[in-house]
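Here is the structure we will look at.
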Amino acid sequence: MPSPDAADALSALAPLLRVHPELQTLCRFGAAWASPHGREETGWVPFHLVLTGSCFLDIAGRKPVPLSAGDIVLLPRGDSHVVRSSVFEEGKPRPPVVIRPHGAVGLASNTDQPETELICGRLAFEQAQASLASAALPPLVVLTVAEDPAVGRLKTLMTTIRDELDAALPGVRAVCTDLASALFVMALRLHFCRAVAETGFLRLLAERQTARAVLAMIEEPARDWSLDDLADRAGTSRATLVRDFRRLADTAPLGLLTDLRLDLARRAVVQTDRGLADIALDVGYRSQSALSRAFQRRFGAAPSEMRRDAGRVTA
């Protein structure tokens, strides 16, 4: 049962519990294997459901993440990554992965005796909630049975989806999509309940007045917000709003606004081909040069450098 604070935060984040999953591949691997995934299209969140066995998730700049049966992974920024076996070594020969049609999805396999089984795909949030999702979710969400027994209850749904995919009866796509929707509603709910106590941003959403101010910033990041405007939207005084932001997230309201703007801008820079001047205006900067200076201060790199590193052409 969520705490009162967690329940309030979940009320603010309720739109993020409405997702549209797309199941893509049923994977059955054995021995040494690696499954690379490129950066996902804007608006899509890759996911992996580990049904049996174990594996590792590799993301540039992070330590390998160990995964076991029943674990769930989401990559809300759509980052490129590799899912691999624990015995995989770069450059060593390994059985080739063959992908063939399998009812509503593809079946990827390198053996007739699989040790690890996964369901892979992607999901999207409703378009109007993309900014809230970007602000509320970290780059990587991992729900593990080892850390939270409640995650284990979701394995029954995962197994049912697998069995439906294998049976490939009429209506399988609709049935599996609905089951996956329920699965991710519960998975995200577990994540947010756990994260409220750990994340200042979510603690702000757990109290009505600060939540009103935060959601106003997310809905209109380009608006020239003043502290008076935000206090008015929150229905409280300037002093109280500042005090509550400090207490809950150790930041100031306008400091959080800057962080939100830059995080939204960085996602647009890395995941889209939109002009940098347009991105700057969309998040509240008056010019591309102003955005570039803010990027340099916050990230140590200009937007054009970030875009080059992500393999996109600067506009």
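Coordinate-derived values only; no laboratory data. Just so you know, these numbers come straight off a predicted model, no measurement behind them. Counting neighbours? That spans all protein chains shown, and the Cβs are built from the backbone with ideal geometry, glycine included.
Descriptive notes on the structure:
- Between segment 247-306 and segment 158-199, the alpha-carbon centres lie 34 Å apart.
- Sorted by Cβ neighbour density within 10 Å, fewest at the top, the residues Ile59, Ile119, Ile72: Ile59, Ile119, Ile72
- When only the Cβ of Lys, Arg, Asp and Glu is charged (+1, +1, -1, -1), the dipole of segment 207-309 relative to its Cα centre reaches about 240 debye.
- Global geometry of segment 26-136, whether rounded, prolate or oblate, following the gyration tensor of its Cα atoms and the 1.5 cut on a/c: prolate
- Here, the chain is characterised by an Rg to Rh ratio of 1.00, where Rg is the alpha-carbon radius of gyration and Rh the Kirkwood radius.
- Estimated translational diffusion coefficient (Stokes-Einstein, Kirkwood radius over Cα pairs, 20 °C, 1.002 mPa s) of segment 202-315: 145 µm² per second.
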